[in-house]
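The values are calculated or read from the model by the stated rules, or taken from the named source; none is laboratory data. Small disclaimer: the values here were computed from a predicted structure and weren't measured. Ideal geometry is used to build each Cβ from the backbone, glycine not excepted, and the neighbour counts take in all protein chains shown.
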Amino acid sequence: NEIVDGARLGATAAVCLAATGLVVAAVVVAGCGVGSGEGAGASAGDTKSETTGPEICTQEVREDVEDTVRGQTQAISARDYERALEFSSNRYRSGTNPEQFGALVEDSYDYLLTTSDYDFADCYVYDDPELEVVTITAQYGDVALAYYLIEEDGAWRIELAGAPTVASQPEPAV
C-alpha cells in the first residue's frame, strides 16, 4: 500500500484531514494525490479566506455523498473497476487504471468485494477557500472506512479514504 504523503496532500487537504481526525494511512478504494489549486473544486468567485467547520452535512449533501460511496461499493462488489473509478475524483482517475485499481481492492480491501451490508455515519462538511470537503464514515461489518469527497462538475467524487482514528470525531460547529 502506498502511504499518503502529507506534503502531496497540499495545505488545504491536510487541514481538512487533520480537522476530521482522520488517519489516512494507506491508499484506499478511491485514491491519493490530493492537492490544491486549479481543478480542485475552487469557484472563480470564491472570496473566502478561512476554513470553517466541521458542520454536520445537510440531508441533501448526505444523500448525494452516500449515493457516491454506495455506487462505488456496488461496482466493486460486481468487480466492475472501470465503473467504480467513475465515482473517484478526476485527479485520482488520471493516475490509475481499472486493472491497478482492481488489484489494490483485491489485495488490500477484499471485504469490499463481498459486502452488501453497510451503514453510514458521521457526515461532516468543511467549507474551505479552495474546495468544499465532505467526510463520511461507512461501516462494513467490523471494518470502517472514512471517505474524503470533493465536489467536481456538480457531483461528489471520492478523493481518498482511510481508517478513521480511534479518537472520536470532532465536535461539529452548531
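Determine, yes or no, whether A84 is modelled with pLDDT of 95 or more and of a type in the set (A, V, I, L, M, F, W, C).
On the way: modelled with pLDDT of 95 or more: yes; of a type in the set (A, V, I, L, M, F, W, C): yes.
Criteria met by A84.
Take the conditions (1) in contact with a helix residue (DSSP H, G or I) (Cβ under 8 Å, 6 or more places away or on another chain); (2) modelled with pLDDT under 90; (3) exposed (fewer than 14 other Cβ atoms within 10 Å of the Cβ); (4) of a type in the set (A, V, I, L, M, F, W, C); V133 misses just one of them, which is (3).
Would you point out which residue out of Y147, Y124, Y81 is farther than 18 Å from G162 by Cα and not basic (K, R)?
Result of the check over Y147, Y124, Y81: Y81.
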